[in-house]
Every structure is written in structure tokens, then in C-alpha cells.
Amino acid sequence: MKKNVATIRDVAAAAGVSTATVSKFVNGAQRFSPAVEATIKEVIAKLGYRSNPLAASMITGRTKSIGLSVLDVGNPHFTSIVKGANRVALAHGYTLLLVDTEENPDRERPLLEALSRRVDGIIMFSRMLESEMDWVMELGKPLVYFGRLSRLEIPWVISEDHRGAYMLARHLVSLGHKRIGYLRFPRSRRDEERLAGIRACLAAHDLELTVYEAGAPTAAEGERVCSSIMLGAEHPDALICYNDLIALGFMKAAHTLGFKLPEQMSVAGFDNIEYGQYTSPALTTVDLQSERMGVAAMEKLIAAIDGKPATSATKIEPQLILRGSTIKRQA
């Protein structure tokens, strides 16, 4: 025998209020006296009433969902961002819908266009140049972007990559390193800021920078390029990697090749992913405050959805995390 399902009319009748009152209360559109709200809550619990999300969205014009587009959900940096963003979303009654573009710029537009039809706003990463991103303004939804923007009028959140890179390079210089290299990932705009920060520091100490390139921001790529760097005519005595994943892959391959780290070369990265503290040696890194970035972006987006004013840019201060992979250069 099919069980009768309580409707909004049943709740209104039992509570002695109008269906409009119940609807506004359930959807958070209006507050009522403590006595009225307590009565509605009691009746809802007694009858087992559950609101219809589709019906609610038709009334309020909102889905109570927020989209988050990341470049690689397998990268712990993005996992931390999702964690921070999701915590804020849940606290405000939103469901987070995640899209993984898998480091493929060709996937970004179709995925985000599809996502925009199901959410109230979007937080996004992108490998596209800003000059190629005009289409995002046509999505018709509030947006927040991870990364620095100069032309598009979209609120954005960044960690200060230039400052973090400068701090890391200065630390290596203070340890007496003279031949410093940077293993970059040029497809990332954040890479440009990191490269500039390292160069600015070394220039202040009259030191040259040797630059190498990685084709992907992954541990496998760090492992792949290691031999070409370590077995060259003269490898650097300190290497900064674009991120921790590349650094960890590089360190694994260097050990396999018979090199002793950090005795023969200091290695450092960016992101402060959890695995870095468990390697041997543990990885020196720049903590870009990934979880805080997710929190800041979600707070900014929810404010925009609610029509509240928000700052156009939020900059988060990085922190230098010193561990065993960087040591004083041996004379």
C-alpha cells in the first residue's frame, strides 16, 4: 500500500498558516516570529514533509547549487580548494557541483556552459589566456576566478605567487646556493609570476637562473625530466619546481639515478600538499593556502549571488614551509 506523502498544503493546514508562509519559511525567503517558526518546524517533523527542490527553484529562481571547475581533481592542491569551498557552501545551504577539465583547455567551454544551466554561480580555473575568455561573460551567472585578471570584470582570488617565489629563492640564497634552477610549467599563468619572483630575488644577489620546462604539472613529468637535468654537463645545486607533484616525481627519479638529496642538490616546490611532509627527505615548499583560497572564493561568490558588494580581488599571503629537502650548500 502506497504511503501518502505530506504536501505543503498539509503542513500549512496543520500549522494554521498559509501555504505562502510555509514556502517562504522552507526556502529561507523570509523570517517569521519564533512561535510561528517553531510551529512550522514541529509540523514538518511530525508529518515528515520534504520540500521539492525543483518546485523551490521555480519559486525562488535559484537552484541552491554552485559550480566549481578545477583543472585536475587528482592534484591535492585542487582537492584542498574543493574542501574549503564545499565547507562554506554547505554552511549556506548550497550543494557543490564539481567539474574536472583534466588539464584540457578544449573541454573548459562546453563543460562550463553545461554547468551554468544547473547552478546559481560558478568558481573557475582556466588554462586559457584572458584574451580568449570573453565567452564566460555570456554565461549569465555570477562568477569568481582563481588567478589574476586585468581586463575581464570578474572577481578573482589569488595566492601571492610572486611573493612566495621570492621568499623561496631568498631562502636558497641564504643557504649559500649559487647555481639555482627553476623547473617551470609554462602553460600556467601562475608560472609567470613564480618565474618573475625567483628572477627578481636572484637579480638582487647578482645570480643567474637556469630554466627548465615541464610538459605537465604532474609527478610523472617530474620523474621524466629528471635525468636530462641531473645527467647534464652541470646540474644546479638547488632546484625550484613549479609544484610539489613535479618536485616529488623529480626526487624519486634522482634517488633511482643514485644521487643523494639534498646533499648534492636542494629541491623545493609549491602548494604544500600533504604528501610532501612524508617523503624522505621531507619537501620544502611554499604553502599557497589552498583551502583558504577555496573559502575566500566561495564567500565572494555567495555574496555576489545575494547581490551584496564584494571586493574585486582577494590576495592571500603565502607561507614558506622549511623541511629537509633544502640544506646549506656544502663548500
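The values are calculated or read from the model by the stated rules, or taken from the named source; none is laboratory data. The structure displayed is predicted, hence computed values, not measured ones. No Cβ is skipped: glycine too gets one built from the backbone with ideal geometry, and neighbour counts run over all protein chains shown. Protein only, heavy atoms only, side chains kept; ligands, DNA and RNA dropped before computing areas. Shrake-Rupley method; radii C 1.70, N 1.55, O 1.52, S 1.80 Å.
Brief remarks follow.
- Formal net charge of residues neighbouring Ala214 (Cβ-Cβ distance under 15 Å; K, R +1; D, E -1): -2
- Difference of contour (0.36 nm per residue) and Cα-Cα distance, Thr19 to Ala216: 65.3 nm
- Sequence-distant lysines (8 or more away, or on other chains) whose Cα lies within less than 25 Å of Lys252: Lys178, Lys260, Lys328
- For the listed peptides 82-92, 34-44, 67-77, a ranking on the average number of other beta carbons within 10 Å per residue, highest first, reads 67-77, 82-92, 34-44.
- For the stretch 143-233, the set of GluC sites (Glu not before Pro) satisfying both a DSSP loop assignment and a count of at most 12 other C-beta atoms within 10 Å is given as Glu153, Glu208.
- Virtual spin-label span in nm between Arg151 and Glu274, 7 Å along Cα→Cβ: 4.0
- Computed log₁₀ I(q)/I(0) - Debye formula, equal Cα scatterers, no solvent, the stretch 161-287, q 0.17, 0.19 Å⁻¹: -0.78, -1.00
- The modelled label-to-label distance between His205 and Arg62, using points 7 Å beyond Cα along the C-beta direction, is 5.1 nm.
- Among the listed pairs Lys24/Lys141; Lys64/Lys141; Lys64/Lys300; Lys83/Lys308; Lys141/Lys308, those with a Cα-Cα distance over 21 Å are Lys24/Lys141; Lys83/Lys308.
- Across the stretch 122-137, coupling constants 3J(HN,Hα) worked out from phi with the 6.51/-1.76/1.60 Karplus curve, θ = phi - 60°, read 9, 10, 9, 9, 7, 8, 5, 5, 4, 5, 9, 10, 4, 4, 5, 6 Hz, and Gly and Pro carry x.
- Here the label points at Ser312 and Lys41, each 7 Å from Cα along the C-beta direction, are separated by 4.3 nm in the simple model.
- The peptide list 307-318, 177-188, put in order of mean Cβ contacts within 10 Å with the highest first, becomes 177-188, 307-318.
- Per-pair calculated FRET efficiency, R0 = 25 Å: Ala282 and Ser228 via Cβ, rounded to 0.05: 0.50
- Options [x] 25; [y] 43; [z] 21 - which one matches percent of Cα pairs over 32 Å apart as calculated here: [y]
- 3J(HN,Hα) from dihedral phi, the stretch 249-259, Karplus parametrisation 6.51/-1.76/1.60, rounded to Hz, x for glycine, proline: x, 4, 4, 4, 5, 4, 4, 4, 6, x, 7
- Exposure check, 1.4 Å probe, all protein chains in place: Ser280 carries approximately 100 Å² of accessible surface.
- Sequentially through the stretch 32-46, phi angles give Karplus couplings (6.51, -1.76, 1.60; θ = phi - 60°) of 10, 4, x, 5, 5, 5, 5, 5, 4, 4, 5, 5, 4, 5, 5 Hz, Gly and Pro residues having no value and appearing as x.
- Counting DSSP beta bridges with both ends in the chain, the antiparallel % (nearest 5): 10
- At R0 = 51 Å, FRET efficiency that the Cβ-Cβ distance of Glu192 and His255 yields, to 0.05: 0.95
- Amide H within-cut-off set for Glu213, under 5 Å, with H built and near neighbours excluded: Arg184
- Relative contact order (%) - the chain, alpha-carbon pairs under 8 angstrom, separation at least six: 17
- Distance from the stretch 275-331 to the stretch 152-184 (C-alpha centre basis), Å: 12
- Scanning residues 5 or more positions from Ser65 or on other chains, those with amide H under 5 Å from its amide H are Thr95, Asp120, with H placed 1.01 Å from N in the peptide plane.
- Paramagnetic reach from Lys83 in the stretch 290-313 [backbone N under 15 Å; point 7 Å along Cα→Cβ]: 290-296
- Placing a label point 7 Å from the Cα of Arg163 along the Cα-to-Cβ direction, the residues of the stretch 302-331 whose backbone N falls under 14 Å of that point are 314-320.
- Within the accessible area of the chain (1.4 Å probe), percent carbon and sulfur: 52
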